[in-house]
Amino acid sequence: MAFQILLNVFLAFMWMFIKVSFDVSSFIKGYFFGLIIIFVFRRFFGSRFYLAKIIAALKLLLLFLKELILSNIAVLKMVLKPKLDMQPGIFAYRTMLTKDWQITLLSNLITLTPGTLVIDVSDDNQTLYIHAIDIADVDEAVKSIKHTFEKAILEVSQ
């Protein structure tokens, strides 16, 4: 990915030198044409097209912001109720992620979302133990994590 970015910047500067125009608009045009060239020749690189990874990372960020807002609203509703009828609990979540940075990112995303907290990670890095402030259905919580955060992390790391 880093090689593709550097190559794209190099192509943008080459465009500037060819056009003998050293302003920002010329660089942007060159960068755009470099993107097209790298996209056309993407099969010759060892990794995925770098713009796809950047888009996947932005999707992960937007997903986290959405989940953060929704969970804040849910916790606020819970706190403002006159009667607390929540069901706190701890459940084990088996993950498909293998790399340490992926598991750390997943743990941080879960912990930063209000109402949930990763308590521990198993020795084999395959199971996360999560405390939830209100967990009516464990299977629904597991599916939610698997189809949101874990799926987005896998897209970023491909």
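The values are calculated or read from the model by the stated rules, or taken from the named source; none is laboratory data. Please read all numbers here as calculations on a predicted model, not as lab measurements. Methodologically, a virtual Cβ is constructed for each residue, glycine included, from the backbone with ideal geometry; neighbour enumeration extends over all protein chains shown.
Brief remarks on what is shown
- Pairs with Cβ under 8 Å, 6+ apart, first in segment 56-72 and over 9 Å from T113 (Cα atoms), second small (G, A, S) and part of a helix (DSSP H, G or I): A56/A152; K59/A152; L60/A152; L63/A152
- Test: residue in segment 89-98 that is modelled with pLDDT under 90, of a type in the set (F, W, Y) and in contact with a helix residue (DSSP H, G or I) (Cβ under 9 Å, 6 or more places away or on another chain): no
- The listed residue being loosely packed, with under 15 Cβ neighbours inside 10 Å and assigned to a helix (DSSP H, G or I), out of L60, L106, L68: L68
- Close pairs (6 angstrom Cβ cut-off, 6 or more residues apart or separate chains): within 24 Å of S47 (Cβ to Cβ) in segment 1-30, not in a helix (DSSP H, G or I) anywhere: M1/S47
- Selection from segment 31-55 of residues that are in a helix (DSSP H, G or I), free of Cβ contacts under 8 Å to residues at least 24 places away in the same chain and within 24 Å of I153 (Cα to Cα): F39, R42, R43, L51, A52, I54, I55
- The single condition among (1) touching a Leu at 6+ places or on another chain (Cβ under 6 Å); (2) under 30 Å from L112 (Cα atoms) that A52 does not meet is (1).
- Options N108, N72; residue that is closer than 21 Å to D120 by Cα and either modelled with pLDDT under 90 or of a type outside the set (G, A, S) (or both): N108
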